[in-house]
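Worksheet: one structure, shown below.
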Amino acid sequence: MGIMDKLGGLFGGNKSPALDSVSPPSVVLKENGIDPSDLNFKFNANGTVGVSGTAASQAEIDRIRELVEGIPGVTGVSSNITVRPAEVTPDPEPERQTTEQPAAEAAAAEAKAAEPQATGRTYTVQSGDSLWKIAAEMYGEGNKYMKIFEANTHILKDPDKIFPGQELVIPELDD
């Protein structure tokens, strides 16, 4: 049974030729800029239309009621429309500027800038290395590891914590 049959049924079950040109409520609402997708319509035999669902605001609910009441053949509107809750959107993440670097890259760049200009050698830390082992290899004595640590305080905070991939400055020994 179509909408026109229902509207025709409002007038005693006979489909009136005048109702052929009557637009259903959803079309009337769309034509007036209201999205009817969250609404349900119930057509009653006494000519009233029940409308339920949700709308954006009380003003929109009032406008829906007004538009449906204005449809030819509708004798009244019973409304069970509620205002839908406002959508909570999280604060957008601040846009990252193209010059901004991720934290790790920024820290590495900062450390590189603070690095003393090495006149000596460099050594890239390998898995299993310690400053003692590096000092033993570079100087022949492991107990000189603090010289390497002191030359690299821009990237090392603790002489016992070095990591593979770090590039260490190996200073020349003062005799």
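Computed from the coordinates by the stated procedures, all read-outs in this text should not be read as laboratory data. Please read all numbers here as calculations on a predicted model, not as lab measurements. Neighbour counts are summed over all protein chains in view; Cβ atoms, including those assigned to glycine, are modelled from backbone coordinates with ideal geometry.
Spin-label model, residue 161 to residue 71: label points 7 Å out along the Cα-to-beta-carbon direction sit 7.1 nm apart. In order along the stretch 49-57, the Karplus-derived 3J(HN,Hα) couplings, from 6.51 cos²θ - 1.76 cosθ + 1.60 at θ = phi - 60°, round to 10, x, 10, 9, x, 10, 9, 6, 7 Hz, and Gly and Pro are given as x. Extension gain for the segment residue 83 to residue 37, taken as residue separation times 0.36 nm less the Cα-Cα distance, is 15.2 nm to one decimal.
Along the stretch 143-157 the Karplus relation, 6.51 cos²θ - 1.76 cosθ + 1.60 evaluated at θ = phi - 60°, assigns HN-Hα couplings of 6, 8, 4, 5, 4, 5, 4, 4, 6, 10, 5, 5, 10, 10, 10 Hz to successive residues, with x for each Gly and Pro.
Between residue 45 and residue 141, residue separation times 0.36 nm minus the direct Cα-Cα distance comes to 24.3 nm. Backbone amide hydrogens, once placed in the peptide plane, bring residue 170 within less than 5 Å of 121, 122, 123, excluding anything fewer than 5 places away on its chain. Under a 5 Å amide H cut-off, with hydrogens placed 1.01 Å from N, residue 82 pairs with 53, 54, 55 among residues at least 5 apart or on other chains.
Extending 7 Å from the Cα toward the beta-carbon at both residue 174 and residue 58 defines two label points whose distance is 8.2 nm.
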